[in-house]
Amino acid sequence: MSRTPASDSRAPASTGSEELAWPEDAVEVGCILDAWGVKGWFKVQAYSSDAQALFSSRRWFLRAPEGNAPAVVKVNKPLPRLLKILSIREHGEGLVANAQDCADRNAAEALRGARIFISRSAFPAADPDEYYWVDLIGLSVVNRQGETLGEVLGLIDAGPHSVLRIAPPGLSAPIKPDQERLLPFVSAYVDDVDLEQRIITVDWGLDY
């Protein structure tokens, strides 16, 4: 995706009770880095160069960090499951946001390292011939001859375009990097993406 978010995006006020159930279509889109200022704002790292998913939803679901992510500060209350976002905007090369019930720096510091999930249904609609990475992962890739190249494991951001990481059929997980097929996700090689049938048709040989 290649949209640029507006300099400020203010979410609409809540119009009723919020559903607290974890969404079945939750997608991890970023994490909270640290507090910003003294009024409860916090820094946000988006996992995509296009952060529209973060701008499009006022409900961010949280989980504790994993691995080497910065640890959540230990406070008297546990990490909230849901943040109701009041405002989010660009700041430098990153994002900053504030949320309901996060009124000071201590509250913002308590969110440090939290992983942010958003319901896929809350993402803005993609433009024609544009696709969210999350929608491409798991799709089968076949060529014009009807030969199966494999299944999309993920994508690589190569600057001007993305590259599909494809696991050839018959290989068991985990797939080693040298076993993957890499295919530029550009119109010169990609004939069609059928999200309903979960198939990507490409002009690419098995021996490439």
For Gly170, state whether it is at pLDDT below 95 and more than 25 Å from Glu28 (Cβ to Cβ). yes
Report the residue count in segment 143-193 for those that are among the hydroxyl-bearing types (Ser, Thr, Tyr) and within 22 Å of the chain's Cα centre (by Cα). 1
Taking Gly154 and the conditions (1) under 27 Å from Trp22 (Cα atoms); (2) in contact with a Phe, Trp or Tyr (Cβ under 8 Å, 6 or more places away or on another chain); (3) in contact (Cβ under 8 Å) with a residue 24 or more places away in the chain, which numbered condition does it fall short on, given that it satisfies the others? (3)
Turns out the strands (runs of 3 or more DSSP E) fully within segment 62-177 with at least 1 residues that are closer than 30 Å to Trp204 by Cα, hydroxyl-bearing (Ser, Thr, Tyr) and touching a strand residue (DSSP E or B) at 6+ places or on another chain (Cβ under 6 Å) are 140-143, 148-157, 162-167
Consider Leu183 carefully, then state whether it is closer than 25 Å to Glu28 by Cβ, at pLDDT 90 or above and surrounded by fewer than 17 Cβ atoms within 10 Å (Cβ to Cβ). no
Would you mind stating whether Asp127 is under 21 Å from Glu180 (Cβ atoms) and at pLDDT below 95? no
The residue from Asp157, Asp191, Asp135 that alone is loosely packed, with under 13 Cβ neighbours inside 10 Å and either among the aromatic types (Phe, Trp, Tyr) or under 30 Å from Gln52 (Cβ atoms) (or both) is Asp157
Testing Val142 on (1) closer than 30 Å to Trp36 by Cα; (2) touching a residue at least 60 places away in the same chain (Cβ under 8 Å), one condition comes back false. Which one is that? (1)
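The values are calculated or read from the model by the stated rules, or taken from the named source; none is laboratory data. If you're wondering where the values come from, they're calculated on a predicted model, not measured in any experiment. Every residue, glycine among them, receives a Cβ derived from its backbone with ideal geometry; neighbour counts consider all protein chains shown.
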